[in-house]
Amino acid sequence: MTTLGDLAHARAGDKGDTSILVVAPYEPDDYARVDDALRAERVAAHFGVDPGNVTIHPVPRLGAFTVVVRDRLDGGVTRSRAADPHGKTLSGHLLDLVVEG
Amino acid sequence: MSTYRIGAGSGFAGDRFEPAEILAARGDLDALVFECLAERTIGLAQQRAATAAGAGFDRLFLDRLAGALPHLSSRTRVLTNAGAADPIGLARSVVDLLAAHPRGAGRRVAAIVGDDVAAQLPADARITGTDLTIADLGDRLVSANAYIGAGAAMRALENGADVVITGRMGDAALFAAPIAVHHGWDDSAPDDMAAPTLVGHLLECAGQLTGGYFADGGRKVVPGLATLGFPFADVASDGVAEFGKVEGTGGLISRATVLEQLLYEIDDPARYKTPDATLDLGDVRIDEVGADRVRVSAASANGRPEQLKVSVGVRDGYLAIGSIAYAGRGARERAELALRIVRERWDVVHGRDPLEVRADLQGYNSLRPWHVPVGDPAEVRARLSLRTFDRSVAALLHREVEALYTNGPAGGGGADLSLKETVGIVSTFIDRDRVAPRVEMVS
């Protein structure tokens with residue numbers, strides 16, 4: 001089974017109650033495959049949020065994507081009760097996403 | 001015009017000290033910038049200043065500067081946003097520090113004020129993402145600071161300041177200011193400000209550009225993280241910048257480390273809004289040009305926002321956390337039982353809503369509670385947390401967790417309790433012309 005982490009690296013940041021993740025394939029040739037894996041509905045299911053809370057911005061010239069996940073940080077870094085209020089650990093979670101084919 | 005070299009001395013208020021000392025000693029820098037102000041820090045500083053519980057600026061910065069000063073060339077300008085809620089207060093302390101040191105003599109210090117817009121903010125300004133206005137916050141409002149651009153810091157440098165202390169200036173603007181002054185770029189022209197703002201955006205998290213926050217598994221190997229070197233940029237007069245670090249320091253700069261930092265925390269890469277320019281990051285070029293040497297070019301702006309973002313600090317009560325750990329056979333089941341016990345008592349004994357207490361299994365899925373892992377952990381920590389304005393409710397949670405020692409599941413140990421007073425941050429916007437940053441020469 002291939003997961004996103006086999007093909008790409010990621011970094012998580014946050015703005016308020018929104019997690020923003022950069023995803024970049026190691027090899028330019030894998031761009032289309034990563035693009036296929038990063039469907040808003042699939043990513044939303046992986047993060048346990050409503051599909052309306054996920055936006056994906058492809059940045060083809062840089063060979064990267066940003067994945068925006070809203071309402072997953074229990075209010076954001078200043079008030080979250082969560083063990084990781086920044087959501088920094090969510091990059092590791094995203095890299096667990098299963099890539100089909 | 002010659003190439004301008006600018007270094008990043010810190011990426012946040014708690015950052016390491018010695019990378020800046022190494023940059024000061026061996027980096028041959030024109031400017032050294034200390035980013036010390038996270039989104040929430042200024043609200044906390046305002047609160048400290050208001051309650052006379054401490055300084056409204058980052059006191060640790062004085063130790064940071066004292067460490068770098070013996071190594072600092074007289075040509076190197078220093079900029080920091082560690083002024084937080086009180087840039088003039090920090091500037092005065094810096095003047096005293098410089099006066100006491102041979103390397104400090106003759107350096108002129110300026111403070112930038114005017115980012116505090118609590119008095120200018122219209123009561124009906126809408127809080128982003130809500131139906132609330134500023135007026136609705138009432139006495140919970142503790143601070144309102146606009147993200148100001150590079151202009152005021154540029155005026156300070158043009159007036160001969162060697163050290164510039166700001167509050168809530170945009171992080172990238174803090175770096176953009178000295179670069180733009182050197183190359184004669186106009187802070188009111190977004191096209192001029194695109195390149196220095198992009199350089200600032202990449203440098204602002206310091207070690208995150210040189211391999212910090214990057215190492216992962218066998219494919220993302222970073223040498224020497226214990227002696228991570230912080231980055232500098234050589235910015236040419238055409239705006240092209242080459243990023244490097246001092247030879248012999250740990251870490252690495254590669255296309256991948258730069259790419260991660262470029263898009264980090266950016267919602268829409270085509271429209272990254274900063275006070276000085278709305279950047280289009282999608283067309284930026286990143287090229288490795290040598291060992292630990294990366295060239296970044298093609299910065300472009302699409303105007304700049306008509307309004308400035310305002311960070312609003314809101315008194316938010318207390319965050320209480322209590323946890324207790326379990327190990328070995330059945331650890332997860334026992335920890336789950338502990339969580340259930342506290343929530344049940346919250347309801348039936350204390351008559352409160354059990355859902356106000358967040359319940360997590362650390363070591364199992366506390367970082368992603370929606371996820372069901374395969375297999376059981378060898379050890380796990382039952383963690384309970386809540387937000388409240390009532391300090392006695394926070395104390396109640398602590399008592400309930402501690403009582404699990406003798407009234408809960410078998411083998412619970414290491415109970416750990418914490419209480420933090422919290423300032424939440426929300427955002428609003430203010431018209432650019434309502435904000436008037438100005439320079440105060442302090443020495």
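The values are calculated or read from the model by the stated rules, or taken from the named source; none is laboratory data. Treat the numbers as computed from the prediction; the structure is a model and nothing was measured. Don't worry about glycine lacking a Cβ; one is built from the backbone with ideal geometry, like all the others, and counts go over all protein chains shown. Quick note on the areas: whole protein, heavy atoms, side chains included, nothing else; ligands and nucleic acids left out. Shrake-Rupley method; radii C 1.70, N 1.55, O 1.52, S 1.80 Å.
Applying the set (1) over 17 Å from A:VAL98 (Cα atoms); (2) open to solvent by 30 Å² or more (accessible area, probe 1.4 Å) to A:ASP30 leaves exactly one unmet item: (1). Pairs meeting the criteria (first residue in the stretch B:183-196 and without any contact (Cβ under 8 Å) to a residue 40 or more places away in the chain, second residue surrounded by 14 or more Cβ atoms within 10 Å (Cβ to Cβ) and not in a helix (DSSP H, G or I), beta carbons under 8 Å, at least 6 apart or on different chains) are B:ASP192/B:TRP185. Residues that are in contact with a Phe, Trp or Tyr (Cβ under 9 Å, 6 or more places away or on another chain) and within 14 Å of chain A (Cβ to nearest Cβ): does the stretch B:399-419 have at least one? Checking the stretch B:399-419: at least one residue is in contact with a Phe, Trp or Tyr (Cβ under 9 Å, 6 or more places away or on another chain) and within 14 Å of chain A (Cβ to nearest Cβ).
Taken together, the residues in the stretch B:307-341 that are in contact with a helix residue (DSSP H, G or I) (Cβ under 6 Å, 6 or more places away or on another chain) and under 25 Å from B:ASP433 (Cβ atoms) amount to 2. Screening B:LEU132 against (1) of a type outside the set (Ser, Thr, Tyr); (2) surrounded by fewer than 19 Cβ atoms within 10 Å (Cβ to Cβ); (3) touching a strand residue (DSSP E or B) at 6+ places or on another chain (Cβ under 7 Å) leaves a single unmet condition, (3). Scanning the stretch B:1-23 for residues that are more than 14 Å from the chain's Cα centre (by Cα), crowded, with 24+ Cβ neighbours inside 10 Å and closer than 14 Å to B:ALA68 by Cβ yields B:GLY7, B:PRO19, B:ALA20, B:LEU23. Pairs are defined by a Cβ separation below 8 Å, a sequence spacing of at least 6 or placement on different chains, a first member in the stretch B:145-170 that is farther than 28 Å from B:SER427 by Cα, and a second member that is open to solvent by less than 10 Å² (accessible area, probe 1.4 Å) and assigned to a helix (DSSP H, G or I); the pairs so defined are B:LEU157/B:ALA177; B:LEU157/B:PRO178; B:VAL163/B:ALA91; B:VAL163/B:VAL94; B:VAL163/B:LEU98. Out of A:VAL49, A:VAL77, A:VAL68, one residue alone is free of Cβ contacts under 8 Å to residues at least 24 places away in the same chain and at the interface with chain B (Cβ under 9 Å from one of its Cβ atoms). It is A:VAL49. Of all residues in the stretch B:32-49, those satisfying the criterion of being of a type in the set (A, V, I, L, M, F, W, C) and either within 19 Å of B:ASP116 (Cβ to Cβ) or surrounded by fewer than 24 Cβ atoms within 10 Å (Cβ to Cβ) (or both) are B:CYS36, B:LEU37, B:ALA38, B:ILE42, B:LEU44, B:ALA45, B:ALA49. Picking from residues in the stretch B:244-267 that are among the aliphatic types (A, V, I, L, M) and either under 15 Å from B:ASN302 (Cβ atoms) or without any contact (Cβ under 8 Å) to a residue 24 or more places away in the chain (or both), the one that is nearest to the other protein chains (Cβ to nearest Cβ) is B:LEU263. Among the conditions (1) open to solvent by 40 Å² or more (accessible area, probe 1.4 Å); (2) touching a strand residue (DSSP E or B) at 6+ places or on another chain (Cβ under 8 Å), B:SER74 misses just one, which is (2). Screening the stretch A:56-74 for residues that are within 25 Å of B:ASN365 (Cβ to Cβ) and open to solvent by 30 Å² or more (accessible area, probe 1.4 Å) and picking the one that is nearest to the chain's Cα centre (by Cα) gives A:ILE56. Residue pairs whose Cβ atoms lie under 7 Å apart, separated by 6 or more positions or on different chains, with the first residue in the stretch B:268-290 and facing chain A (nearest Cβ under 10 Å) and the second assigned to a loop (DSSP other than H, G, I, E, B) and charged (D, E, K, R), do not occur.
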